[in-house]
């Protein structure tokens, strides 16, 4: 008979802070969205974060979920809740400052 070498691992719960999620909702033909896009790229590079750009028209479920009224709309989330919301074009300094608060 071969002795069993199976060991049992007990689950360990480790609290890890969730990353900040930044989403920019836009739509085709939106002049403000076209202006916001390069700002988002600059901020993402400066802070080493990802800013997801989502076409609100192609993803209508977000319109109701976030009560989107205008584009661009930027949502900053942490731990599953909305921490900041910007409607319209957001300047680089303002967006960087808002994201930094949650890093």
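The values are calculated or read from the model by the stated rules, or taken from the named source; none is laboratory data. Note that the structure is a prediction, hence the values are computed from the model and not measured. Cβ coordinates were reconstructed from backbone atoms using ideal geometry, including for glycine residues, and neighbour counts include every protein chain displayed.
Data overview
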quantity	calculated
Among (1) part of a helix (DSSP H, G or I); (2) surrounded by 12 or more Cβ atoms within 10 Å (Cβ to Cβ), the one test that residue 54 misses	(1)
Matching option when the condition is under 16 Å from the mean Cα position of the chain (by Cα) and at pLDDT 95 or above, among 53, 93, 35	53
Every residue from the range 71-87 that is surrounded by 13 or more Cβ atoms within 10 Å (Cβ to Cβ) and not in a strand (DSSP E or B)	71, 72
